[in-house]
């Protein structure tokens, strides 16, 4: 079964074609700068252990034109992977926000599309693009099942004590103001892989997704009990350009002192804060290079980033009432050993240790970093959100 996975942004489309159930990656790609003359399609085909790359200028096209270019290149005479759009059995769409309405993967209908549109206030930058991707795919793949996979769905198992805010009930009941959490597809994928690896479906696991955006989740027996992001993706950990947790009084103070408007404040906290605000760099590789050059601001930012992770580890260990494993994933989580070590430093009380020199890589790519005999596993599990989406599409269609 061919599953075409789409992540449609406001000016980009990421995609993968995955053969299920063998989970074989057939091709992948990215269309960037949609709606401009610089729009470009970068396409990769994986065949016979070789990788074939094609780059194509798409011109000033909308999302429909961009996705049509993707279909055309997938049917290329030399490196094509399909001969007709009808060969795509299902199209899996990553949808940022499901609100309270969507707590599981669902096949798209007119009612589903209408409900997604009502959720625009919860994800004004992403949801319109996600819905556009669905509408365009319906036209290009008319015989394919269209499936929506919500980034918030995995966190819908949280209890009210975790997802409610201590404000008037009216805002929850009338405006759906609550914790939703994000990166759910990643947290679900890596926690499930970790539980399989541990051979313990009841495992208590803390998942730590570290990229430009960062979040953590407390997972018990496959169910999310708490997560660090909230109504939107701003709260929790320090991120590349987002501040993470901040006292609301700081927001009021800055608005009164500098006369910031609401959009200006949103820009400050989402795009000009975090590591960028602390030291001038949003990319962790640049931060580490600056530390080597003796930049004290970069050093402090790096330590603050790890300190925030450590605080959440302690909190989530308490919520879980025990711990079997900590899982690092995402670009930084998978590749920055120094950050992993700093994040779990001096947590021996919880049975957590870290030793880069004792790394053991399993046959399926999971790496252990704890000392011998440690009570808690410290794992690196590479995330694969597209594969998780393909799995959920396959399972839904084959119910």
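Taken across region 50-68, residues that are assigned to a strand (DSSP E or B), surrounded by 17 or more Cβ atoms within 10 Å (Cβ to Cβ) and touching a strand residue (DSSP E or B) at 6+ places or on another chain (Cβ under 7 Å) do occur, with at least one present.
Kindly indicate the residue of region 31-43 that is within 22 Å of the chain's Cα centre (by Cα) and surrounded by fewer than 16 Cβ atoms within 10 Å (Cβ to Cβ) and also modelled with the highest pLDDT among those meeting that condition. Selected residue: 42.
Just checking, does region 189-205 include any residue being farther than 22 Å from residue 6 by Cα, in contact with a strand residue (DSSP E or B) (Cβ under 6 Å, 6 or more places away or on another chain), surrounded by 24 or more Cβ atoms within 10 Å (Cβ to Cβ) and in the same structural domain as residue 282 (by TED's automatic domain parsing)? Taking every residue of region 189-205 in turn, at least one turns out to be farther than 22 Å from residue 6 by Cα, in contact with a strand residue (DSSP E or B) (Cβ under 6 Å, 6 or more places away or on another chain), surrounded by 24 or more Cβ atoms within 10 Å (Cβ to Cβ) and in the same structural domain as residue 282 (by TED's automatic domain parsing). For region 284-296, the condition holds for no residue, the condition being that it is touching a residue at least 40 places away in the same chain (Cβ under 8 Å), under 20 Å from residue 122 (Cα atoms) and either assigned by TED's automatic domain parsing to the domain that holds residue 361 or surrounded by fewer than 21 Cβ atoms within 10 Å (Cβ to Cβ) (or both).
Tallying residues that are under 20 Å from the mean Cα position of the chain (by Cα), more than 15 Å from residue 303 (Cα to Cα) and part of a loop (DSSP other than H, G, I, E, B) within region 271-282 yields 1. Filter region 335-364 down to the residues that are in a helix (DSSP H, G or I) and touching a residue at least 60 places away in the same chain (Cβ under 8 Å), then identify the one that is nearest to residue 237 (Cα to Cα). Checking each candidate, the answer is 343. Of the residues screened, residue 359 is not one that is under 19 Å from residue 303 (Cα atoms) and surrounded by fewer than 20 Cβ atoms within 10 Å (Cβ to Cβ). Here is a check on your reading of the model: is residue 232 over 20 Å from residue 339 (Cβ atoms) and touching a residue at least 40 places away in the same chain (Cβ under 8 Å)? It is true that residue 232 is over 20 Å from residue 339 (Cβ atoms) and touching a residue at least 40 places away in the same chain (Cβ under 8 Å). Restricting attention to region 377-399, report how many residues are buried (at least 23 other Cβ atoms within 10 Å of the Cβ) and more than 27 Å from residue 19 (Cβ to Cβ). Final tally of qualifying residues: 2. Of the residues contained in region 248-259, one or more are found to be part of a helix (DSSP H, G or I), over 15 Å from the mean Cα position of the chain (by Cα) and under 23 Å from residue 298 (Cα atoms).
In region 99-112, the qualifying residues are those that are in contact with a strand residue (DSSP E or B) (Cβ under 7 Å, 6 or more places away or on another chain) and free of Cβ contacts under 8 Å to residues at least 60 places away in the same chain, and the one that is farthest from residue 146 (Cα to Cα) is 102.
Any residue in region 309-319 that is modelled with pLDDT of 95 or more, within 17 Å of residue 354 (Cβ to Cβ), part of a loop (DSSP other than H, G, I, E, B) and in contact with a strand residue (DSSP E or B) (Cβ under 6 Å, 6 or more places away or on another chain)? No, region 309-319 contains no residue that is modelled with pLDDT of 95 or more, within 17 Å of residue 354 (Cβ to Cβ), part of a loop (DSSP other than H, G, I, E, B) and in contact with a strand residue (DSSP E or B) (Cβ under 6 Å, 6 or more places away or on another chain).
Residue 323 fulfils the conditions (1) in a helix (DSSP H, G or I); (2) in contact (Cβ under 8 Å) with a residue 60 or more places away in the chain except for a single criterion, (1). Residues in region 151-174 that are surrounded by 11 or more Cβ atoms within 10 Å (Cβ to Cβ) and either modelled with pLDDT under 95 or not in a loop (DSSP other than H, G, I, E, B) (or both): 153, 154, 155, 156, 157, 162, 163, 171, 172.
Going by what's in this entry, would residue 116 be described as surrounded by 13 or more Cβ atoms within 10 Å (Cβ to Cβ), touching a residue at least 12 places away in the same chain (Cβ under 8 Å) and more than 17 Å from residue 392 (Cα to Cα)? Answer is yes for this residue. Candidates are the residues of region 81-95 that are touching a strand residue (DSSP E or B) at 6+ places or on another chain (Cβ under 8 Å) and part of a loop (DSSP other than H, G, I, E, B); the one that is nearest to residue 141 (Cα to Cα) is 88.
Taking the condition touching a strand residue (DSSP E or B) at 6+ places or on another chain (Cβ under 9 Å), modelled with pLDDT of 95 or more and not in a loop (DSSP other than H, G, I, E, B), does residue 115 pass? When the stated conditions are applied, residue 115 does not pass them.
When 82, 106 are checked against the criterion of being under 22 Å from the mean Cα position of the chain (by Cα) and more than 30 Å from residue 266 (Cα to Cα), 106 stands alone in meeting it. Take residue 102 and decide whether it is more than 22 Å from residue 21 (Cβ to Cβ) and not assigned by TED's automatic domain parsing to the domain that holds residue 232. Here the answer is yes, as residue 102 does meet what is asked. When 131, 140, 125 are checked against the criterion of being in contact with a helix residue (DSSP H, G or I) (Cβ under 6 Å, 6 or more places away or on another chain) and more than 20 Å from residue 390 (Cβ to Cβ), a single residue qualifies: 131.
The values are calculated or read from the model by the stated rules, or taken from the named source; none is laboratory data. The model shown is predicted, which means the values in this text are computed figures rather than measured ones. Don't worry about glycine lacking a Cβ; one is built from the backbone with ideal geometry, like all the others, and counts go over all protein chains shown.
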